[in-house]
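Colleague: Mind looking over this structure? Questions follow.
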Amino acid sequence: MRGDGTPFAFTCPSPRRYQHQWSWDSCFHAVAWSHIDPERGRKELRTLMRAGRPDGFVPHTAFWQASPRWRRAPLYATASYRGDTATESIQTPLLPVAWERVGGATATDLAFLEAHARWLIRERDPDRDGLITILLPDESGLDDSPKYDAVYGRLAHWKPGYARLVQRCRRANWSAAALCAATDEHVEDVLVNTAHALSLRALARLTGNPEWDAHAARTEHALVDKCWDEQRGLFFDLAGRAEDPVKLSTWSSLAPLALIGIPREIRERLANEHLLHPRRYLARFGVPSVSMEEPSFRPGFNAYRTWRGAAWMNTNWLMVGGLRALGADDEADTLAQGALDAVQRSGFREYYHPRTGAGHGEQRFGFATLALDLPAGFRAAGAGVARTA
C-alpha cells in the first residue's frame, strides 16, 4: 500500500533495474498469470488502471513505492521534476487484450477500458485519420529502435537531447494536438496502432459494443491506406507533419500480421516475404527486432541502446499469433520453439541474440514469461487476441 493509502499489486518487471510498474509489461505479465493465477493478473491490471485518471488516461510508468530520484526525474516523462506518482506519457495500449485473457472484468473495469479507448482517440489522434500518435520514442516501448534515429535526431532516447524533448512536452502540457501542429518529432507508429486495433477489437468482444469494432476497422483501414508500402511489402511509420514514411524494416513493420482485419494477401506477404525469410527475420532463436538485412542490425548487448536487432519475447508472441491466424501452425510452432529454446539456454532474460540464443540485458525479466503463452495459447480472433480452448 502506498503512503497515501492507495493499494497496489503488480509484478516487478526486473528486481534489479526496473522496479516501477510499466504499462505494457503489466499487460504481458497478466497474460502470463492467466496460465497460473488469473486473479493475480486481474490485480495487476486494476493496479495499472488505478495509476491512471478518471478521464481514461493510463500512464507509461507508475511509481508506486516512490517517485523517481532527482537524478532520473528529467528523463522520466513526468509533469514536473519531483513528487509525481506516474508519467504523463503513454505506452503501447494493450489493456483490453490483457483483460480478455484473464477474464472477470467487472462493469467498473469495462467502463474504465471504454474511457481509456476514448481518451486515446480524442487526445492522440489530432488529425482524426484513425491512427494514434506517439510523442516520445519510448511511448511505443521500442525506445532506441533505429527507426527513430532520423525522426528524433539529437532528441533520440539514447542521446543527451532526450531531456530537451521531455521538457518540450512538459511546456506543451503533453498536448499531442499542439505538438503535432508545431513540431516534427512525433510518429504515427505501426506497432502502437496495431496494438490499438487489437485492443479495440478485444474491447468490442468484452463489452458487446459495436462502436469499438467500427473504430478498429477505421484504424486497420488507415494502416493499409497510409502505412502500407506495396513495393516493399511492409508497413512503415509516418513521421512529422508531412507524415513521411520511415522506410526501415523493423519488426513493427510486420506487426499488422496479427490483425485479421488486414487483407489476407497483405498478411501473407508479410509472412512469406519477410517473417519466414531466412535472411530477414527467420532466425534460430526468435524474431529479431530489426531485419537482418538492415545495416542497423546489431543483435548483441548494448548498455545504452536496445531494440536494434535482439529478439524479445513479446515480438515472438505477436508474430506467432499472426501466423496462427493465417493457419500456418507448423511455421508458428517452429517460431515458438526457437524462442522457447532461447529461454531454455539463457533463462527469462530481457532480450536474446536471435542467432545464438544468448541472453542479454536484465535477468529474471518479467514479460519474458510470455513464453508460457507461446506453444498453444495465443490466437488472433476477430483481429484481437484470444485463447482457444
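Any read-out appearing in this document is the output of simple, stated calculations on the displayed coordinates, not a laboratory observation. All values derive from a computational prediction rather than experimental measurement. All Cβ positions, glycine included, derive from the backbone under ideal geometry; neighbour counts span all protein chains shown.
Colleague: What FRET efficiency comes out for N173 versus T108 if R0 is 41 angstrom and r is the Cβ-Cβ distance? Round to the nearest 0.05.
Modeller: 0.90
Colleague: Of S291, Q363, L257, which is farthest on the positive side of the dipole of region 249-378, counting Cα position, with +1 on Lys and Arg Cβ, -1 on Asp and Glu Cβ, and the Cα centre as origin?
Modeller: Q363
Colleague: Still on this structure: Taking the highest mean first, how do the peptides 205-214, 108-117 order by number of other beta carbon atoms within 10 angstrom per residue?
Modeller: 108-117, 205-214
Colleague: Another one. Suppose we look only past 22 Å in the calculated P(r) of region 249-378. What percent of the Cα-Cα pairs does that tail hold?
Modeller: 28 percent
Colleague: A further question follows. Arranged from highest to lowest average of other beta-carbon atoms within 10 Å per residue, in what order do the peptides 99-105, 175-181 appear?
Modeller: Highest to lowest by the protection proxy: 99-105, 175-181.
Colleague: What whole-number distance in Å separates the alpha-carbon centres of region 97-133 and region 9-27?
Modeller: Here the answer is 21 Å between Cα centres.
Colleague: Gap in Å between the Cα centre of region 147-180 and the Cα centre of region 257-275?
Modeller: 32 Å
Colleague: Right, here's the next one. So, with +1 on the Cβ of K and R and -1 on the Cβ of D and E, and no other charges, what is the size of the charge dipole of region 249-378 about its Cα centre, to the nearest 20 debye?
Modeller: 420 debye
Colleague: Is it possible to state the helix-based mean residue ellipticity at 222 nm for the chain, with each DSSP H run of 4+ residues giving -39500 (n - 2.57), the sum divided by total residues, to the nearest 500 deg cm²/dmol? What is it?
Modeller: The helix contribution divided over the chain gives -11000 deg cm²/dmol.
Colleague: Project the alpha carbons of the chain onto their principal axes and report the range along each, largest first, in whole Å.
Modeller: Its Cα atoms span 51, 45, 43 Å along the three principal axes.
Colleague: When only Cα pairs under 8 Å and 6 or more residues apart are kept, what is the percent relative contact order across the chain?
Modeller: Relative CO of the chain lands at 15 percent.
Colleague: If you don't mind, another one. Around Q363, under 15 Å between beta carbons, what's the net of Lys plus Arg minus Asp minus Glu among the other residues?
Modeller: Computed value for this residue: +3.
Colleague: Could you tell me which residue out of T334, A115, Y352 lies farthest along the dipole of the chain toward its positive end? Charges go on the beta carbon: Lys and Arg +1, Asp and Glu -1, centred on the Cα centre.
Modeller: Y352
Colleague: Further, regarding this structure: Note down the magnitude of the dipole of the chain about its Cα centre, charges +1 on Lys and Arg C-beta and -1 on Asp and Glu C-beta and zero elsewhere, to the nearest 20 debye.
Modeller: With only Lys, Arg, Asp and Glu charged at Cβ, the dipole is about 1300 debye.
Colleague: Determine, for each peptide in 225-233, 188-196, the mean count of other beta carbons within 10 angstrom over its residues, then list the peptides with the highest first.
Modeller: Result, highest mean first: 188-196, 225-233.
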